[in-house]
Amino acid sequence: AADLVAIGTTELLLYEQIVTGFVPFTSISALATLDSLSFATPLFAGMSGVGNADTQGHVAQRTSVLRDFQGLNGAGIRVGVISDSFDNGGAGAAATDIGTGDLPGTGNPNGFLTPINVVRDNDPGIDEGRAMLQIVHDVAPAAQLSFANVANAFGQKSQLGMADNIRSLAADDDPADPAADIIV
C-alpha cells in the first residue's frame, strides 16, 4: 500500500493481500517497477445502461466497456425473447417503460425508436418477457428486439406452441420482421 501511495494512488482499500485504489494514468507504467506488487488489473467502473432501471448484466459482462471504447452497442443485431408475456397484466406497462428509456420504441427519450416486434402476446402472465427485454436493452441498447410468448396462437402452452414461436422469431420471410440473430 505504501508503494502505491508513493506513485500517487488514492482511495486505497486493503483486504489481506489485496489492495485496490485509483492509480493516476501517468503512474501506470510505474506499477511495473514495484517489487511489492504481484500483479495489477484494471477495474472498470460500473456504468449505467439506459433508462431508469439498470441491470448489472452490462457491468458483469463489461459490455459498457465495449459500448464506450469500441462503439459496440448491439446495432445490426436482432434479439428475440420468449417468455410468459410482454404487456399483459404485469407491473406497469410497456408504454411506461418506453417513456422512461427502459425499452426502445416511439417516445424513447434516448433515441432508440425502433419498436419491439411482438410476434405473439396473448397469454396472461407477469410480463417476465418485458423484464428480460429491459435487460437486453441495457446490455445492447441499439439492438432490435422481438418477443413471443410460450403459447400458440390459441393461448395453449405446449412444446409445439413454443417451437412455433421459436420458428416465428427465427423466420426471415417478412422484411418488416427480420430473423432474430439470438433467441433467449
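FYI, it's all coordinate maths here, none of it is from the lab. These figures come from a predicted structure and were not determined experimentally. Here the Cβ is made from the backbone with ideal geometry for all residues, glycine too, and neighbour counts use every protein chain on show.
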**OP:** Between beta-carbons, use under 15 Å as the cut-off and find the net charge around V23, counting Lys and Arg +1, Asp and Glu -1.
**Re:** -2
**OP:** Could you pull out every residue, at least 5 positions away or on a different chain, whose amide H is within less than 5 Å of the one on T114? Hs are placed 1.01 Å off N in the peptide plane, and Pro or chain starts have none.
**Re:** G105
Original post:
Rounded to a whole number of µm²/s, how large is the Stokes-Einstein D of segment 69-140 at 4 °C and 1.567 mPa s, given Rh as the Kirkwood radius over C-alpha pairs?
Top reply: 103
**OP:** Taking every pair of Cα atoms in segment 108-184, average 1/r, invert it to obtain the Kirkwood radius, and report Rg/Rh to two decimals.
**Re:** 0.97
